[in-house]
1. List the residue pairs whose Cβ atoms are under 8 Å apart, where the first residue sits in region 1-14 and is exposed (fewer than 14 other Cβ atoms within 10 Å of the Cβ), the second is assigned to a loop (DSSP other than H, G, I, E, B) and at pLDDT 95 or above, and the two are 6 or more positions apart or on different chains.
2. For region 90-118, give me each residue that is hydroxyl-bearing (S, T, Y), modelled with pLDDT under 70 and part of a loop (DSSP other than H, G, I, E, B).
3. Would you point out which residue out of C60, C71 is over 20 Å from R18 (Cα atoms) and at pLDDT 75 or above?
4. Given the criteria of a type in the set (A, V, I, L, M) and in a loop (DSSP other than H, G, I, E, B), does I49 qualify?
5. Would you check if S54 is surrounded by 11 or more Cβ atoms within 10 Å (Cβ to Cβ), under 20 Å from E19 (Cβ atoms), among the polar types (S, T, N, Q) and modelled with pLDDT of 70 or more?
Amino acid sequence: MIQTAEDKVKEYCQCIRREIEHWKDINQNGCNDPFWSDGCNMNLTRNHIIYYQSKIHEACTENQLPLPDECYLSIPPEVDNNYMANLKQKPRVERLRQLGRIMTGRIYQYDENQMSLF
């Protein structure tokens, strides 16, 4: 089955919403990645959002479609790559420290409803 441009845009919109929720969850609870800090994972998730927004812009421009609301959601802030949301994950934090990473616990604020101009 061939996906229409509208289908692709709808799928990318869902991906953006999912990635935003994932970013917020990591920021709130941390993640379980044994080799990478929460900050690295949050920045990767942030890059996914940027990618999906660019794919929506591309599809909408090529097919003369209106831009959906997801294109105007703000992109989460870039965070310190050494950020750890949950320093209570002692074994994980210690493993990352042994790899030479100095963990920070700064809290990051994000308001997805703050409009963005891509």
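1. Final answer for the pair search is E6/L65.
2. Residues of region 90-118 that are hydroxyl-bearing (S, T, Y), as a first pass: 104, 108, 110, 116.
With the extra rule that they be modelled with pLDDT under 70, the set shrinks to 104, 108, 116.
Y108, S116, listed by residue number.
3. Within the list C60, C71, the selection yields C60.
4. Values: of a type in the set (A, V, I, L, M): yes; in a loop (DSSP other than H, G, I, E, B): no.
So I49 fails the test.
5. Details: surrounded by 11 or more Cβ atoms within 10 Å (Cβ to Cβ): yes; under 20 Å from E19 (Cβ atoms): yes; among the polar types (S, T, N, Q): yes; modelled with pLDDT of 70 or more: yes.
So S54 fits the description; yes.
Yes or no, residue by residue, for (1) more than 11 Å from the chain's Cα centre (by Cα); (2) polar (S, T, N, Q); (3) closer than 19 Å to Y110 by Cα; (4) part of a helix (DSSP H, G or I):
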{"site": "E11", "(1), (2), (3), (4)": "yes, no, no, yes"}
{"site": "E19", "(1), (2), (3), (4)": "no, no, yes, yes"}
{"site": "P34", "(1), (2), (3), (4)": "yes, no, no, no"}
{"site": "L44", "(1), (2), (3), (4)": "no, no, yes, yes"}
{"site": "Q53", "(1), (2), (3), (4)": "yes, yes, yes, yes"}
{"site": "K88", "(1), (2), (3), (4)": "yes, no, no, no"}
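The values are calculated or read from the model by the stated rules, or taken from the named source; none is laboratory data. Here the structure is a predicted model, which is why all the values come from computation and not from measurement. A quick note on method: Cβ atoms are made from the backbone with ideal geometry, for glycine too, and the neighbour counts reach across all protein chains shown.
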